[in-house]
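Q: Here it is: the structure, laid out below.
Each reported figure results from applying straightforward, stated rules to the coordinates on display, with no laboratory input. Because the structure is predicted, anything quoted here is derived from the model rather than measured. Glycine also receives a Cβ, built like all others from the backbone with ideal geometry; neighbour counts cover every protein chain displayed.
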Amino acid sequence: MFNILNGIRVLDLTTVVLGPFATQMLGDFGASVIKIENLDGDMMRAVRPGSSDEMGAGFVNCNRNKDCIALNLKSNEGKDIFL
């Protein structure tokens, strides 16, 4: 893919399919995407039809090219890290 978004940082607080897919495309074009999940993880991690893997294929596909961190954004410490 073309790296036309190289040098751009994106904070991804999305879940399920559409948001993660959109930010996955930004990563495909070279943006540095940081996925921020709650401490329980994205609910799509558990959706894995016909698979016993730790993460479902849909989750892995929509979250490729991303770094990931789990934060409690309700806590002061989590807010400080985020900001």
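Q: Got at least one residue in segment 42-54 being of a type in the set (Asp, Glu), surrounded by 15 or more Cβ atoms within 10 Å (Cβ to Cβ) and within 12 Å of the chain's Cα centre (by Cα)?
A: Scanning segment 42-54, I find at least one residue that is of a type in the set (Asp, Glu), surrounded by 15 or more Cβ atoms within 10 Å (Cβ to Cβ) and within 12 Å of the chain's Cα centre (by Cα), so the answer is yes.
Q: Going by the structure shown, is Asp80 farther than 21 Å from Ile8 by Cβ, assigned to a loop (DSSP other than H, G, I, E, B) and acidic (Asp, Glu)?
A: Considered against the rule, which asks whether it is farther than 21 Å from Ile8 by Cβ, assigned to a loop (DSSP other than H, G, I, E, B) and acidic (Asp, Glu), Asp80 comes out as no.
Q: Additional query: Can you say whether Leu13 is under 27 Å from Asn3 (Cα atoms), out of contact with any helix residue (DSSP H, G or I) (no Cβ under 6 Å at 6 or more places or on another chain) and surrounded by 14 or more Cβ atoms within 10 Å (Cβ to Cβ), as far as the supplied structure shows?
A: Spelling it out, Leu13 is indeed under 27 Å from Asn3 (Cα atoms), out of contact with any helix residue (DSSP H, G or I) (no Cβ under 6 Å at 6 or more places or on another chain) and surrounded by 14 or more Cβ atoms within 10 Å (Cβ to Cβ).
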